Amino acid sequence: MKSPNNKVKIINDPIYGFITIPNKLIFDLMEHPYFQRLRRITQMGLSNLVYPGAHHTRFHHAVGCMHLMQKAIRVLKNKGVVISDEEKNAVCIAILLHDIGHGPYSHALEHSIVEGVSHETISLLFMKELNKEFKGKLDLAIAIFEGKYPRKFLNQLVSSQLDIDRMDYLKRDSFYTGVAEGNISSERLIDMLHVVDDQLVVEEKGIYSVEKFIVGRRLMYWQVYLHKTSVVAEKMLVNLLARAKYLAKQGVVLPSSKALHYFLYRDVDENFDLQTLKTFSRLDDYDMLSAIKDWISHDDVILSHLSEMIINRKLLKVKMSNVPFTTLEIDEIKNKMTQNGWTAEDLKYFYIQDTVENQAYNDKEKKIYLYYKNGAITDLIKASDQLNIQALTKPVIKHFVCYPKVVKSS
């Protein structure tokens, strides 16, 4: 008798319309608790403090990526690229699971209570554990994800400067934030894809779509992902978790879920064992939000104040600059904080100095290549008549300082 949970289903997506889940294996992977957790992980961290509509989740993004990957495989096969059913299924699984290791509020966890472990590393751990449960059916997907499969273009579809991941998140984040600059034509880009000598390329007539993609990515980073309010909110969340971790090491009792308690009261680094991974799979945005609300009434003033500031969106003031701040400017802010009663311990958490970097296109690695009818293949930089594409290869660094709004700086 067939299990009622193994039907091939259709999902209605606001970006692409109806998305078909192609087979039982992918459906079962999506039904797994490890994947269902992505429904409770926001795609854009605390960006909803700037763009109220940005409440979509990693689940939305992963399913959208799988849909675009199915389309990409169809396009390539129609152009004569030989792709087996096994390879098609594996690359769809690889893109479906590529973000399964993201922690609560996206990147904040990677820099605080879980130290030095990227979400890509945790995604791979989840995939390997799922592979055990599914009796080796993810072997090929994992090889593609790691870039170990001989047919390199399959990995490029998952991870490159013109990959399916970026094609979905730019379009999706544009939709939910209402920032039109990121509304790229992912369908047009996919229609222009081809494979030559195992290299993913874009047909020459797709050059303007690629140029818009690169420019759109730059604009989305400055306007959305690196918006100063989003930046300071994430930095404050990192500092809040660092304070919670510090207090936990001192033996201070912090109200939290069992999953969050596990990570607060342990040093977790790259040595992720099975127990740690399973506990991580129960950790999501709800654990964090519930704890932060509780910490508002905690006796520790720093923990309480940071928690209240995040919950009520009373964030630190941000000053951004294209050049580094001078020692005189920094000392002035710190001295005024001290004069207003902020202690040296307070400064560790309420004064933030850092940089953000935006590089729309890296011309040193994983280049985007244009394919011409005469068989020639040219790097996008050389093919484009847009001088700004060349300019966008240079990393743009902005410096910023954050401090309490009650402190006035000149």
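The values are calculated or read from the model by the stated rules, or taken from the named source; none is laboratory data. Keep in mind it's a predicted model, so treat the numbers as computed, not measured. All Cβ positions, even for glycine, are placed from backbone atoms using ideal geometry, and neighbour counts span all protein chains on display.
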Check: Quick one: would you say residue 287 is within 23 Å of residue 47 (Cβ to Cβ), surrounded by 14 or more Cβ atoms within 10 Å (Cβ to Cβ), among the acidic types (Asp, Glu) and in contact with a Leu (Cβ under 7 Å, 6 or more places away or on another chain)?
Finding: yes
Notebook entry, point to check: How many of the residues making up the range 40-84 are closer than 20 Å to residue 196 by Cα and either in contact with a helix residue (DSSP H, G or I) (Cβ under 7 Å, 6 or more places away or on another chain) or assigned to a helix (DSSP H, G or I) (or both)?
Noted result: 11
Checklist line | Matching residues, the range 273-307, being assigned to a loop (DSSP other than H, G, I, E, B), hydrophobic (A, V, I, L, M, F, W, C) and out of contact with any strand residue (DSSP E or B) (no Cβ under 9 Å at 6 or more places or on another chain) | finding: 296
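Sort out which residues of the range 332-341 are farther than 25 Å from residue 357 by Cβ and either in contact with a Phe, Trp or Tyr (Cβ under 7 Å, 6 or more places away or on another chain) or part of a loop (DSSP other than H, G, I, E, B) (or both), and write them in order of number.
Of everything in the range 332-341, those that are farther than 25 Å from residue 357 by Cβ and either in contact with a Phe, Trp or Tyr (Cβ under 7 Å, 6 or more places away or on another chain) or part of a loop (DSSP other than H, G, I, E, B) (or both) turn out to be 337, 340, 341.
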Note to self: If I filter the range 248-259 for residues that are under 25 Å from the mean Cα position of the chain (by Cα), of a type in the set (A, V, I, L, M) and not in a loop (DSSP other than H, G, I, E, B), do I get at least one hit?
What the structure shows: yes
Check: Name the pairs whose Cβ atoms lie under 6 Å apart, with the first residue in the range 90-105 and over 16 Å from residue 28 (Cα atoms), the second in a loop (DSSP other than H, G, I, E, B), and 6 or more positions between them or separate chains?
Finding: 102/41; 104/284; 105/45
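Would you pick out the residues in the range 175-190 that are in contact (Cβ under 8 Å) with a residue 40 or more places away in the chain and either closer than 30 Å to residue 318 by Cβ or surrounded by 18 or more Cβ atoms within 10 Å (Cβ to Cβ) (or both)?
Within the range 175-190, 175, 176, 177, 178, 179, 181, 182, 186, 190 meet the criteria.
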Checklist line | Residue check for residue 36: in contact with a Ser or Thr (Cβ under 7 Å, 6 or more places away or on another chain) and polar (S, T, N, Q) | finding: no
Check: What are the residues in the range 342-387 that are surrounded by fewer than 16 Cβ atoms within 10 Å (Cβ to Cβ), in the same structural domain as residue 325 (by TED's automatic domain parsing) and in a helix (DSSP H, G or I), if any?
Finding: 344, 345, 347, 348
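The rows are residues; the columns are (1) under 24 Å from the mean Cα position of the chain (by Cα); (2) at pLDDT below 95; (3) closer than 23 Å to residue 354 by Cβ.
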{"site": "292", "(1), (2), (3)": "yes, no, yes"}
{"site": "297", "(1), (2), (3)": "no, no, no"}
{"site": "301", "(1), (2), (3)": "no, no, no"}
{"site": "313", "(1), (2), (3)": "yes, no, yes"}
{"site": "318", "(1), (2), (3)": "yes, no, yes"}
{"site": "324", "(1), (2), (3)": "no, no, yes"}
{"site": "327", "(1), (2), (3)": "no, no, yes"}
{"site": "330", "(1), (2), (3)": "no, no, yes"}
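Do we have any residue at all in the range 167-188 that's under 20 Å from residue 77 (Cα atoms), of a type outside the set (Gly, Ala, Ser), in a strand (DSSP E or B) and modelled with pLDDT of 95 or more? Walk me through it before giving the result.
The initial filter retains those residues of the range 167-188 that are under 20 Å from residue 77 (Cα atoms), namely 167, 186-188.
Then keep just the ones that are of a type outside the set (Gly, Ala, Ser); that gives 167, 187-188.
Now restrict to residues that are in a strand (DSSP E or B): none.
No, because not a single residue in the range 167-188 is under 20 Å from residue 77 (Cα atoms), of a type outside the set (Gly, Ala, Ser), in a strand (DSSP E or B) and modelled with pLDDT of 95 or more.
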Item checked: Qualifying residues in the range 113-134 (those that are in contact with a Phe, Trp or Tyr (Cβ under 9 Å, 6 or more places away or on another chain) and at pLDDT below 85) - the one farthest from residue 266 (Cα to Cα) -> 117
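Just need a number here: residues in the range 129-153 that are hydrophobic (A, V, I, L, M, F, W, C) and more than 19 Å from residue 29 (Cβ to Cβ). Reasoning before the result, please.
Of the residues in the range 129-153, the ones hydrophobic (A, V, I, L, M, F, W, C) are 130, 134, 138, 140-145, 153.
Keeping just the survivors that are more than 19 Å from residue 29 (Cβ to Cβ) gives 153.
Number satisfying all stated conditions: 1.
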Notebook entry, point to check: When only residues in the range 18-77 that are without any contact (Cβ under 8 Å) to a residue 60 or more places away in the chain and among the aliphatic types (A, V, I, L, M) count, which is farthest from residue 232 (Cα to Cα)?
Noted result: 73
Note to self: Looking only at residues that are over 13 Å from residue 190 (Cβ atoms) and basic (Lys, Arg) in the range 58-88, which one is surrounded by the fewest Cβ atoms within 10 Å (Cβ to Cβ)?
What the structure shows: 88
Note to self: Given (1) acidic (Asp, Glu); (2) surrounded by 21 or more Cβ atoms within 10 Å (Cβ to Cβ); (3) within 27 Å of residue 79 (Cα to Cα), identify the lone condition not met by residue 204.
What the structure shows: (2)
Check: Which number in (1) out of contact with any strand residue (DSSP E or B) (no Cβ under 6 Å at 6 or more places or on another chain); (2) buried (at least 20 other Cβ atoms within 10 Å of the Cβ); (3) not small (Gly, Ala, Ser) marks the one condition that residue 252 misses?
Finding: (2)
Check: Does the range 278-293 contain at least one residue that is outside the structural domain of residue 220 (by TED's automatic domain parsing), over 27 Å from residue 102 (Cα atoms) and in contact with a helix residue (DSSP H, G or I) (Cβ under 9 Å, 6 or more places away or on another chain)?
Finding: no
Check: Considering only the range 28-52, how many residues are over 23 Å from the mean Cα position of the chain (by Cα) and at pLDDT below 95?
Finding: 0
